[in-house]
Amino acid sequence: MSTTGRELMPGEAVPVGEIPVVSAAAFRNVVMDRIGRGDWLAALFGHPVNGSVRVTAILACPRFGELRAVAFDPGASYPALTPECLEAHWFERELHEQWGVTPVGHPWLKPVRFTTPGAIPGVTDYFAVAGEEVHEVAVGPVHAGIIEPGHFRFQCHGEDVLHLEISLGYQHRGVERALVGGPNARTIHYLETLSGDASAGHATAGAEVLESLAGVRPSDRSLALRAVGLELERMANHTGDLGALAGDVAFLPTASYCGRLRGEFLNMTAMICGSRLGRGLVRPGGVGFDVTAELVRDLLGRLDPAMREFTDSVRLLFESPSVVARFEHLGTLTRHEAVKMGLVGPAARASGVARDVRSDFPSGAYRWIPVLLALKESGDVMARARVRWQEVHQAASFVRQVLSRLPEGEPWRPVRGLQPGRLAVSLVEGWRGAICHVALTGDEGRIAAYKVVDPSFHNWFGLARAMRRQQISDFPVCNKSFNLSYCGHDL
Amino acid sequence: MIRTLITRWRQGHRTIRYPDALAVLPERFRGLPAIDSAQCPNGCRECVDACPTGAVSVEGGHVRVHLGRCLFCPECAQACPHGAIGFTTDHRLAVSDPRDLLTDGREYRLARQLDEASMRLFGRSLRLRQVSAGGCAGCEVETNVLGTVVFDLGRFGIQFVASPRHADGLLVTGPVTRNMAAALEKTYAAIPTPRIVIVVGACAISGGPYRGHPEALDGAASVGPAVLYVPGCPPHPLTILDGLLRLLGRIGS
């Protein structure tokens with residue numbers, strides 16, 4: 001059997017038996033070899049096979065737009081990948097917590113979600129810095145604003161942050177476990193609420209997996225409408241983030257204009273599917289709502305004025321010297337660091353990592369209307385803001401093109417039973433970055449294992465790293481420049 | 001500077017006039033369900049089977065929807081071949097008594113004003129501490145936008161505050177995960193009495209899509225009875241605003 005893994009395309013269902021199960025050493029060789037060639041780790045997860053756990057890796061090769069799956073049976077322990085492959089760091093902690101497998105040589109196998117029996121969220125050992133004048137600031141799980149819960153520990157020397165540690169798991173509600181045994185009436189709702197501000201992204205990723213397992217290809221029209229939903233979601237969230245970044249440096253004009261403009265894009269989504277957050281839009285087999293010519297006209301009529309106001313509003317932000325002084329050289333991640341940590345999405349692109357599922361693994365409407373990569377080099381808060389600014393403009397132009405040339409076709413095709421004994425992977429560029437879903441079906445065609453990798457799972461460590469040697473008072477703006485998901489991470 | 005002023009002028013005045021003028025929502029918005037049980041043939045359970053959370057039931061020939069469980073998804077309406085169940089664009093959904101969440105489409109009793117003693121305390125100034133306990137960020141972002149210029153919650157004397165010590169009440173979202181239960185309880189305990197509880201969203205009312213999960217507690221009942229239940233998955237910001245304004249007697253009294 002091949003020891004280089006089984007190649008597959010996103011949205012292709014392959015027989016589970018064709019995924020090579022190799023030795024721990026061979027598994028490590030495949031992973032390290034592919035990472036060395038520029039692949040990134042899209043997923044590394046455990047799933048039960050005959051009463052023990054099997055570990056499967058999904059490697060994403062952006063050069064050829066293909067994926068690679070390889071598996072091994074670790075038993076109770078195996079030599080950790082992390083010392084050589086930093087991007088496996090969080091995955092191996094998860095593996096240890098979920099399955100009790102010990103990756104030997106991992107620097108610190110701390111809980112990821114505090115899900116083992118008796119675990120108390122937040123109660124674990126933290127990095128500690130000793131010394132006179134060194135102090136620790138603990139924040140959360142309940143934060144000051146209306147946001148999700150998480151615990152942050154800063155080791156500080158005066159105002160300077162020596163290290164930030166992020167401890168999550170408060171939002172764990174058992175979604176992956178509940179998806180097993182499906183699909184059923186709740187499946188799509190789990191997908192839509194994996195990270196509720198990225199409903200179109202996660203629902204699309206989930207729908208693609210289910211469709212490939214069922215052997216159904218949705219119409220081009222429905223794929224185009226999904227892409228519109230995905231880009232409107234990106235526009236709304238990026239706009240909101242730019243406003244929030246402005247708010248965090250007390251630049252109120254952009255903060256209040258963008259707060260309102262974010263809603264304009266959400267309301268456009270509601271015009272299509274009735275929900276501002278895109279609930280009901282994506283359904284396995286296509287979309288839940290078609291658009292009429294009149295609705296398309298209305299949407300296009302709203303897009304242009306909203307974009308004019310957005311441009312006006314955000315230009316103020318970038319032209320204001322007091323804002324530029326706060327955004328530049330703050331929370332910097334080098335390209336090297338971003339690659340090593342396996343970052344995705346705007347955070348990666350802001351550090352010069354040319355990584356975007358829409359161009360690397362194009363599917364659906366992205367195949368006929370390409371999206372330009374928004375790439376910056378400075379890796380600071382400014383770069384992450386600039387990437388968002390550029391992406392909102394590109395998304396608007398994409399939505400305009402798709403809606404003006406909407407293919408014909410039925411909005412939805414029925415998805416019946418799933419093929420048994422298959423594995424399928426989907427990749428979607430959500431507004432935070434690459435969303436990866438992996439599903440395996442059992443002998444009866446039910447879901448036997450479901451793995452969700454939210455972009456935040458890759459990126460939380462990036463935020464922690466970006467805060468080193470920064471001032472603690474810069475945390476809010478730094479945090480907002482990443483704006484990661486807690487519930488998408490905690491699942 | 002001149003540019004800042006020009007932009008300010010161009011952005012205009014964007015605060016909605018609600019509650020003085022009614023809001024217009026998109027045609028496809030799913031608000032208060034419209035139920036016409038007369039259309040239902042005997043024994044038909046299409047809507048019941050399509051519902052992901054058990055919100056729809058049929059009893060004695062009457063279709064009933066539990067809005068505390070309802071995700072306001074289109075599934076029941078799309079499954080019904082008889083046009084007996086659908087949604088109106090009426091966003092007013094918040095109630096004071098959780099028993100009022102069950103509706104057969106004939107009447108729906110909206111939230112009432114707080115009692116006189118509470119009105120004296122909170123009627124002109126209500127400070128809330130929000131806690132997300134397993135929420136998917138949906139209810140959180142829709143609550144958060146009440147602070148934008150569009151809704152401008154501050155003009156009604158309502159404000160979200162950072163510390164529970166400064167709060168008059170707790171606004172809970174999410175199904176209350178086991179991992180957040182202690183933090184939620186402690187936050188509630190830190191709010192000085194008398195205090196109120198407001199629950200927002202299907203998760204906080206009933207567990208939402210996570211109802212029955214061992215990882216969560218099926219909502220915020222553990223913190224005690226609430227004075228306001230706001231259905232939705234997530235509720236539209238106007239639904240939350242409408243509920244808050246009814247609670248404070250700004251609408252409907």
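The values are calculated or read from the model by the stated rules, or taken from the named source; none is laboratory data. All values reported here derive from a predicted model rather than from experimental measurement. Every residue, glycine among them, receives a Cβ derived from its backbone with ideal geometry; neighbour counts consider all protein chains shown. Side chains are part of the model used for accessible areas, which takes the heavy atoms of the whole protein and leaves out ligands, DNA and RNA. Shrake-Rupley method; radii C 1.70, N 1.55, O 1.52, S 1.80 Å.
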Rounded, prolate or oblate: which fits segment A:6-104, taking a ≥ b ≥ c as square roots of the Cα gyration tensor eigenvalues, rounded meaning a/c under 1.5, else prolate when a/b beats b/c? oblate
Distant-in-sequence amide H partners of residue A:43 (H built 1.01 Å from N, under 5 Å): A:58
In terms of the Cα gyration tensor, with a ≥ b ≥ c the square roots of its eigenvalues, is segment A:371-431 rounded because a/c is under 1.5, prolate because a/b exceeds b/c, or oblate? oblate
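So what's the net charge close to residue A:145: Lys and Arg +1, Asp and Glu -1, counting the other residues with Cβ under 13 Å from its Cβ? Could the numbers behind the result be given before it?
Working: positive: A:480, B:129; negative: A:148, A:248, B:140.
For residues surrounding residue A:145, the net value is -1.
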Between residue A:328 and residue B:159, what is the spin-label point distance in nm, taking each point 7 Å from the Cα along the Cα→C-beta axis? 3.6 nm
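Ignoring ligands, DNA and RNA, how do A:289, A:154 rank by accessible area with a 1.4 Å probe, largest first?
Details: A:289 30, A:154 5 Å².
Largest accessible area first, the list is A:289, A:154.
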Show me, for segment B:107-114, the HN-Hα J-couplings you get by feeding each phi into the Karplus relation (A = 6.51, B = -1.76, C = 1.60, θ = phi - 60°), rounded to Hz, glycine and proline as x. 8, 9, 8, 6, 4, 10, 5, 4
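List the relative contact order of chain B as a percent without decimals, with contacts defined as Cα pairs under 8 Å and 6+ residues apart. Display every interim value, and only then the final one.
On the way: 521 pairs, mean separation 54.5, N = 253.
Answer for chain B is 22 percent.
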Taking the alpha carbon gyration tensor of segment B:116-247, what are the square roots of 5 times its eigenvalues, largest first, to the nearest whole Å? 22, 17, 12
Using the basic label-point model (7 angstrom from Cα toward the beta carbon), what is the residue A:108 to residue A:296 distance in nanometres? 5.5 nm
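May I ask for the longest run of chain B untouched by GluC sites (Glu not before Pro) that are loop-located per DSSP and have at most 14 neighbouring C-beta atoms (other than their own) within 10 Å?
Details: sites that count: B:27, B:107.
Between the exposed loop sites, the longest stretch runs B:108-253.
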Evaluate peptide A:180-186: per residue, the Cβ atoms of other protein chains within 10 Å of its Cβ; return the mean as an integer. 3
Given a 10 angstrom Cα cut-off, can you work out which residue in B:124, B:112, B:45 is the most mobile in a GNM of chain B? B:124
Spelling out what I want: for every residue of segment A:237-251, take phi, set θ = phi - 60°, compute 6.51 cos²θ - 1.76 cosθ + 1.60 (Karplus), and round to whole Hz; glycine and proline get x. 6, 5, 4, x, 5, 5, x, 5, 4, 4, x, 6, 10, 6, 9
Positive minus negative residues near residue A:74 (Lys, Arg vs Asp, Glu; Cβ under 13 Å): 0
Percent of all Cα-Cα pairs per 10 Å bin for segment A:175-455, counting from 0 up to the last occupied bin, reads 7, 29, 34, 22, 8, 1, 0
Using amide H atoms built 1.01 Å from N in the peptide plane, name the residues 5+ places from residue A:161, or on other chains, whose amide H lies under 5 Å from its own. A:469, A:470, A:471, A:472
Label-to-label distance, nm, for residues given as residue A:132 and residue A:252 (7 Å Cα→Cβ offset): 4.4 nm
Would you work out the relative contact order for segment A:377-461, in percent, from Cα pairs under 8 angstrom that are 6 or more residues apart? 18 percent
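Once you have a ≥ b ≥ c as the square roots of the Cα gyration tensor eigenvalues for chain A, tell me rounded if a/c is under 1.5, and otherwise prolate or oblate according to whether a/b is larger than b/c. Show your work: numbers first, answer last.
Working: a/c = 1.70, a/b = 1.03, b/c = 1.66.
The shape class here is oblate.
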Gap separating the Cα centres of segment A:1-37 and segment A:288-350, nearest whole Å: 36 Å
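Using Cα pairs closer than 8 Å and at least 6 residues apart in sequence, work out the relative contact order for chain A, in percent.
Numbers: 1041 pairs, mean separation 93.9, N = 491.
Relative contact order for chain A comes out at 19 percent.
Count neighbours as other Cβ atoms within 10 Å of each site's Cβ, and list the GluC sites (Glu not before Pro) in segment A:233-331 that are DSSP loop with at most 16 such neighbours.
On the way: sites: A:233, A:264, A:294, A:309, A:319, A:328; in loops: A:328.
Qualifying residues, ordered by number: A:328.
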Value at 222 nm in deg cm²/dmol, rounded to 500, when DSSP H runs of n ≥ 4 in the protein assembly as shown each add -39,500 (n - 2.57): -10500 deg cm²/dmol
Near the amide H of residue A:330, under 5 Å away, which other amide H atoms are found, from residues 5 or more places off or on another chain, if H is placed in the peptide plane? A:381, A:382
Apply the Karplus parameterisation 6.51 cos²θ - 1.76 cosθ + 1.60, with θ equal to phi minus 60°, to every residue of segment A:56-69 and state each ³J(HN,Hα) to the nearest whole Hz, in sequence, with x for glycine and proline. 10, 10, 10, 9, 9, 9, x, 5, 10, x, 10, 10, 9, 10
Efficiency by 1/(1 + (r/R0)^6): what FRET value for residue A:469 and residue A:335, r their Cβ-Cβ distance, R0 = 25 Å, to the nearest 0.05? 0.90
